[in-house]
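Have a look at the structure below, then the notes.
The values are calculated or read from the model by the stated rules, or taken from the named source; none is laboratory data. Everything numeric here is computed off the predicted structure, so don't read it as measured data. Don't worry about glycine lacking a Cβ; one is built from the backbone with ideal geometry, like all the others, and counts go over all protein chains shown.
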Amino acid sequence: MECTRCQSINRSTAKYCKKCGAALPINVSLKNGQLQFEPDFNKIVGLQELKTMIQREIIAARNMKKVGFPYNKKNLNMILLGNTGTGKNKLVDIVARVYFKNGITSKPDIKSISAVEFNEFSKNMAANLLSAKDGILFIDNAHQLVPDGYKPGEITQMDKLYAELEKTTEHPIIVLASKAEGFSKYLEENPEVNIMVN
Ligand SMILES: [Zn+2]
């Protein structure tokens with residue numbers, strides 16, 4: 001198992017890299033198992049997977065700090081798929097407290113914006129991301145970042161966010177929440193978005 005952080009080769013059963021302490025890739029499938037994603041699309045999560053992922057990353061962040069490797073909070077970017085009333089907002093609150101308590105973020109705040117506000121946010125995207133960098137940026141109804149009748153190859157708000165995140169590590173942890181319908185198709189067709197949530 002090759003470490004994506006430092007390229008060391010680890011035992012196939014290893015959970016963390018022996019050299020740098022990063023969490024090694026695992027594959028997590030959706031709870032209902034109905035959707036097939038790219039193999040390493042591993043941050044679209046059900047609750048159990050979410051807990052496991054968070055635990056792994058917190059341990060990895062500590063391991064890496066010990067040996068002096070910078071931990072990239074990008075590993076905590078995630079997409080929560082679920083219908084209205086499945087408690088996504090509450091979940092993000094809990095996650096924010098866990099990160100803060102464990103020193104992953106330096107403030108327990110969540111900057112919440114809805115997808116319709118994203119237009120405004122994106123006008124000054126770099127500065128807005130920078131100002132939220134020590135906490136979490138939560139974007140609800142993220143399926144609205146992809147227009148109805150989306151055609152593969154079309155540039156979407158989602159792509160703009162992704163492109164901005166590629167430029168810098170000075171950004172908050174990004175949590176997108178969406179209903180699965182309408183969004184999972186976009187994700188399937190855009191495997192490069194994997195990198196953002198990976
Ligand atoms: Zn490593």
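Here is how the numbers come out for the structure above:
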{"quantity": "Residue in region 138-153 that is at pLDDT 90 or above and surrounded by 13 or more Cβ atoms within 10 Å (Cβ to Cβ) present", "calculated": "yes"}
{"quantity": "Checklist (1) surrounded by fewer than 15 Cβ atoms within 10 Å (Cβ to Cβ); (2) at pLDDT 50 or above; (3) away from the ligand (no atom under 15 Å from the Cβ) applied to LYS15, failing item", "calculated": "(3)"}
{"quantity": "Failed condition for HIS143, given (1) in contact (Cβ under 8 Å) with a residue 60 or more places away in the chain; (2) over 25 Å from LEU24 (Cβ atoms); (3) not aliphatic (A, V, I, L, M)", "calculated": "(1)"}
{"quantity": "Only listed residue being closer than 23 Å to ILE174 by Cβ, within 16 Å of the ligand (Cβ to nearest atom), modelled with pLDDT under 70 and not in a strand (DSSP E or B), chosen from ILE59, ILE26", "calculated": "ILE26"}
{"quantity": "Residue among ALA127, ALA132 that is over 27 Å from THR84 (Cα atoms) and at pLDDT 85 or above", "calculated": "ALA127"}
